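One structure is given here, and the rest of the page talks about it.
None of the figures in this text is laboratory data; all of them are computed from the coordinates on show. As the structure is a computational prediction, the values presented were derived from the model and not from experiment. All Cβ positions, glycine included, derive from the backbone under ideal geometry; neighbour counts span all protein chains shown.
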Amino acid sequence: MAKVSIALRGWRFDEETVFDDSGELRPIDEMEQDTRERLVRLAVITGNPCDACWLIHGDENIEQCKVARVVYGEPLHEVVVCDRHEADFLYWFREEGGAAHADEPSEFDEAFYDWFEAGNRAPDGYGGLEHVDTDPDAVPDHSGTVEMPSLEEELERMDDEELDALGVDLSDLDIDLDSEEVDDLDV
């Protein structure tokens, strides 16, 4: 069973769980929950700036940030980095105790940010991972075969237990309580 990354390196999927025999993306509702959550999250974070670049340059100089190419961590608590900063992330994870945060996803991304903001970096020449990119800029276009739900649609579909497992707090959402859409929510 081959493993593939989609859009960003890092999260790997069993090819058979994502694509059918003809190479088409399977309908999202036929996928396992974890696969579905990661694919929906990838749709949101693909094209985002590298977290490390953003920590250096901030919103005011966002144009200086490189686009993230790699994702590590769990959905909603992931770290996305460009090729240049992947070595910094891997050094933190392997050598500076980052792996200890893998068991607590809600602390994972913040722990890396704190380490990086403190001026820590991988030593010069620190080896990253060897990646095989067959076509790194090509993202499968299955828009004609399957419509990916939006993050909001996916969150609405999930029950309270699934939302708690993801660490999702809907209290931060800007919801107009007088809206007709609220009548459709199961609360």
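Quick notes on this one:
- At R0 = 25 Å, FRET efficiency that the Cβ-Cβ distance of ALA99 and TYR126 yields, to 0.05: 0.95
- A DSSP coil position with no more than 15 other Cβ atoms inside 10 Å describes the following GluC sites (Glu not before Pro) in the range 1-83: GLU24, GLU32.
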